[in-house]
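Working notes, beginning with the structure itself.
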Number of protein chains: 2
Amino acid sequence: MSPVYCALVHHPVVDRGGEEVTTSVTNLDVHDIARSARTYGLRGYFVVSPIEAQHPVVQRILDHWREGSGKKRFPERAEALSIVEIALSVDDAIARIEAREGRSPRLVVTSARSGVERTSYEMAAARFVQDPRPTLILFGTGHGLSDRLLWRADICLEPIHGPTDYNHLSVRAAAAITLDRLYGRESPRNDPI
Amino acid sequence: MSPVYCALVHHPVVDRGGEEVTTSVTNLDVHDIARSARTYGLRGYFVVSPIEAQHPVVQRILDHWREGSGKKRFPERAEALSIVEIALSVDDAIARIEAREGRSPRLVVTSARSGVERTSYEMAAARFVQDPRPTLILFGTGHGLSDRLLWRADICLEPIHGPTDYNHLSVRAAAAITLDRLYGRESPRNDPI
């Protein structure tokens, strides 16, 4: 598996009316997506926010669980949160991946909206194997990633649909399903990586 | 699709040491799993807690989002939460499904622990089609469903694994992935139900 990273983007995202906004970081987004990312073997999870005043809040969550009493009581939380980093922007995250991996990552975006040039999860997974450069998957808060980010993507994944027309999953659920569709294995004992 | 229900169980579940405990209801579990359940076409989502003092708290969350200002601002939340019910026990949920559907549901349990007689998601989905009786899928809070519930199940699903040995997903993520594996369709436009 080539190196995979994900980022939870708090800016630029859109609100209900399609206007570009910046959302607040929430505690459970940090935890839930870290645990999902760790389960599926991701190398890093960037919490992306341009609001520098929120960075110490995230850092305090990370410090609490990665050290001291949090780590003692819940060692598996410490393990999941060990892959979390704070970034000021998507470009900041890209630059750090490039510095670490020696190659810039392919940019994969997710959206609940349909549109042209959406790629199925199967096809995306096949492309990841064909070209093993690093991957950065972006998840949007609010009402989703801004078009500015969608336009930059190498791959735009299909919206997640069930057998209904309701597609308002939480970002925590959408991230978990996306990682499972791309990297999930039903029976690892029979199919070890 | 035959009628499917899920339940988030706060008792009987186990703690880290395997002791049977009762956990507290949390706001985001109600929201996230309701949104996932609605996405995948479930007919109902039971929040199961024997602590009657917590029922008005859940009811207040439901009332806020299903009516008045919450509904006005976030109509899709109202839609998801419309399928949520509070139940005192798993048997209470089973009885209500039986009263509504005219047949008792098959009981499907989920567990992060491996063990004998686990059923793959593919095989479970095939069995649901063969015998279209109602289905109730149980998700455990804390460190998972008590053995008392696992033993009663008609189907015990395989633990969710990625390509790592880390399996500490949040219950919100695990529920989303389970429903997607059982009822997800990549391209509903090509494969309508």
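What follows is calculated from the coordinates using simple rules that are stated; it is not laboratory data. What you see is a predicted model; the values in this text were computed from it and never measured. Cβ: placed from backbone, ideal geometry, glycine included. Neighbour counts: every protein chain shown.
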Dipole magnitude (debye, nearest 20) for the range B:1-55, charges at Cβ of Lys, Arg, Asp, Glu: 360 debye
7 Å along Cα→Cβ, label-point gaps from A:Gly18 to other copies, nm, shortest first: 5.8
Gyration tensor (alpha-carbon) shape descriptor, the range A:67-179, a/c threshold 1.5: oblate
Ascending list, in nanometres, of distances separating the A:Val129 label from those of the other copies (7 Å, Cα toward Cβ): 2.4
About the Cα centre, charge dipole magnitude for the range A:38-99 (Lys/Arg +1, Asp/Glu -1 at Cβ), debye: 420 debye
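Counting only other chains, and only Cβ atoms inside 10 Å, what mean value do you get across the residues of B:153-164? Let's see the in-between values first.
Details: counts 0, 0, 0, 0, 0, 4, 1, 8, 10, 16, 11, 10.
Going residue by residue through B:153-164 and averaging, the value is 5.
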Span per principal axis, largest first, for the Cα atoms of chain B (Å): 48, 47, 38
Averaged over B:171-183, number of beta-carbon atoms from partner chains that fall within 10 Å: 6
Label zone at B:Asp15 (point 7 Å along Cα-to-Cβ), backbone N below 13 Å, the range B:139-170: B:142-143
Charge-dipole axis of the range A:1-100 as Lys and Arg at +1 and Asp and Glu at -1 on Cβ define it, positive-most pick from A:Ser82, A:Gly68, A:Gly44: A:Gly68
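Size of the dipole of the protein assembly as shown about the Cα centre, Lys and Arg at +1 and Asp and Glu at -1 on the beta carbon, nothing else charged, in debye to 20?
Once rounded to the nearest 20, the dipole reads 20 debye.
Rounded to the nearest 500, what is the 222 nm mean residue ellipticity of the protein assembly as shown from helices alone, with -39500 (n - 2.57) per DSSP H run of 4+ residues and division by all residues? Before the final figure, lay out the partial values.
On the way: 16 runs with 158 residues, N = 386.
My calculation for the protein assembly as shown gives -12000 deg cm²/dmol from helical runs alone.
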Trypsin sites (Lys or Arg not before Pro) lying in DSSP loop within the range B:1-107, provided at most 14 other Cβ fall within 10 Å: B:Arg16, B:Arg103
Lys/Arg +1, Asp/Glu -1 at C-beta; chain A dipole; positive extreme among A:His161, A:Tyr5, A:Ala124: A:Tyr5
GluC sites (Glu not before Pro) within the range B:17-84, DSSP loop, no more than 14 other Cβ atoms inside 10 Å: B:Glu19, B:Glu67
Three-way shape call for the range A:93-157 based on the alpha-carbon gyration tensor, with the a/c threshold at 1.5: oblate
Calculated label separations, B:Glu98, copies of the chain, 7 Å along the beta-carbon direction, nm: 6.4
The protein assembly as shown shape via C-alpha gyration tensor axes, a/c threshold 1.5: rounded
Label-point gap, in nm, between A:Ser2 and B:Glu117 - each point 7 angstrom along Cα→Cβ: 4.5 nm
Between the range B:77-103 and the range A:3-59, the alpha-carbon center distance in angstrom: 34 Å
